[in-house]
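Engineer: Here it is, the structure, as structure tokens.
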Amino acid sequence: MSPTLSKRGTIAAVITAFLVVTGPAAHAGTWSHTDPTGDARVGASGSTGEGDIGRVKATANQRTLRLSWRAAPEGTWTNGMFWQLDTVKSDAGPEFMISWTYDLSGRAYLGRIESWTKGWAGGPSATRCKGLKVAAASGSTPGQDYRVPLRCLKTAGVKPARIRVNLESSDLSSSYALDAARGHHRFGRWISTQ
């Protein structure tokens, strides 16, 4: 065996041992949910598919939370989408809400909320979030993609280490949701932001 092959073998063994000991690099936490089709309530429009959520996905890393939803196969657009975000494990309810309503020029708003039933704490503009973005999904299926900087979700000055989400659709004509993923007042699993 030549000295060059021996050196290469040693280097390969050292690199392999390093990768095994240190483990994989930090990566984003992801949660996705496929919601039952046809489970949306009939809204004011009378359309049975209005606001029927088909899929939701949340992905987080150290800087950004990305949220997306797509309508069920027969689902259509509705007037409002509301993400509830749980960022404090010791507090059972949501701390933040992102709201998007058709009548507000398609903009998304982020604000602190007190609980599932108590809305905005100080109004939807209470939390300024430079970098909050929402865009219509590409393709023919109704849906949206959101980008939320984690610096906007601080509690007591600290970015969340984990997040779980819930999405509700509404036609804005009543106080109940047309559909909710993962269910009414039910979050998905915790995902890490580390």
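The values are calculated or read from the model by the stated rules, or taken from the named source; none is laboratory data. The shown structure was predicted, so the numbers you read here are calculated from the model rather than taken from an experiment. Neighbour counts run over all protein chains shown; Cβ positions are idealised from the backbone, glycine included.
Engineer: Here's a check for you: in segment 147-161, which residue that is outside any loop (DSSP other than H, G, I, E, B) and hydrophobic (A, V, I, L, M, F, W, C) is surrounded by the most Cβ atoms within 10 Å (Cβ to Cβ)? Walk me through it before giving the result.
Structural biologist: Step one: list which residues in segment 147-161 are outside any loop (DSSP other than H, G, I, E, B), which gives 147-153, 155, 158.
From what is left, the residues that are hydrophobic (A, V, I, L, M, F, W, C) are 148, 150, 152-153, 158.
Working: V148: 25, L150: 18, C152: 17, L153: 23, V158: 10.
Looking at residues that are outside any loop (DSSP other than H, G, I, E, B) and hydrophobic (A, V, I, L, M, F, W, C), I get V148.
Engineer: Run down T155, T117 and say which single residue is β-branched (V, I, T), over 14 Å from A58 (Cα atoms) and at pLDDT below 85. If you could, list the steps in order and put the result at the bottom.
Structural biologist: On the way: T155 fails: at pLDDT below 85.
Criteria check complete, one pass: T117.
Engineer: Looking at this structure, is R107 closer than 13 Å to S169 by Cβ and of a type in the set (K, R)? Even if it seems obvious, please write down each step before you answer.
Structural biologist: Working: closer than 13 Å to S169 by Cβ: no; of a type in the set (K, R): yes.
Criteria not met by R107.
Engineer: Can you tell me which residue within segment 133-166, out of those that are of a type in the set (S, T, N, Q) and touching a residue at least 24 places away in the same chain (Cβ under 8 Å), is farthest from L65 (Cα to Cα)? Talk me through it step by step, then tell me what you get.
Structural biologist: Looking only at segment 133-166, we keep the residues that are of a type in the set (S, T, N, Q), and these are 138, 140-141, 144, 155, 166.
Those left that are additionally touching a residue at least 24 places away in the same chain (Cβ under 8 Å): 141, 144, 155, 166.
Numbers: T141: 22, Q144: 14, T155: 15, N166: 14 Å.
For segment 133-166, the residue satisfying everything is T141.
Engineer: Could you count how many residues in segment 165-190 are farther than 17 Å from N79 by Cβ and surrounded by fewer than 21 Cβ atoms within 10 Å (Cβ to Cβ)?
Structural biologist: Final tally of qualifying residues: 9.
Engineer: Looking at segment 58-97 only, could you name the residues that are touching a Lys or Arg at 6+ places or on another chain (Cβ under 7 Å) and of a type in the set (V, I, T)?
Structural biologist: If the condition is that a residue be touching a Lys or Arg at 6+ places or on another chain (Cβ under 7 Å) and of a type in the set (V, I, T), then T59, T64 are the ones that fit.
Engineer: Of the conditions (1) modelled with pLDDT of 85 or more; (2) crowded, with 17+ Cβ neighbours inside 10 Å, K89 fails just one. Which one is it?
Structural biologist: (2)
Engineer: Also: Search segment 172-192 for residues that are without any contact (Cβ under 8 Å) to a residue 24 or more places away in the chain and pair each with any residue that is in a loop (DSSP other than H, G, I, E, B) and aliphatic (A, V, I, L, M) when their beta-carbon atoms are under 7 Å apart and the residues are at least 6 apart or on different chains.
Structural biologist: From residues that are without any contact (Cβ under 8 Å) to a residue 24 or more places away in the chain, the pairs are H184/A177.
Engineer: Of all the residues that make up segment 162-194, how many are part of a strand (DSSP E or B), out of contact with any Lys or Arg (no Cβ under 6 Å at 6 or more places or on another chain) and among the polar types (S, T, N, Q)?
Structural biologist: Residues flagged as part of a strand (DSSP E or B), out of contact with any Lys or Arg (no Cβ under 6 Å at 6 or more places or on another chain) and among the polar types (S, T, N, Q) within segment 162-194 amount to 3.
Engineer: Taking segment 44-84 only, how many residues are outside any strand (DSSP E or B) and surrounded by fewer than 18 Cβ atoms within 10 Å (Cβ to Cβ)? Explain how you work it out, then say what you get.
Structural biologist: Step one: list which residues in segment 44-84 are outside any strand (DSSP E or B), which gives 44-49, 51-52, 61-63, 72-75, 77-79.
Then keep just the ones that are surrounded by fewer than 18 Cβ atoms within 10 Å (Cβ to Cβ); that gives 44-46, 48, 61-63, 73-74, 77.
Number of matching residues: 10.
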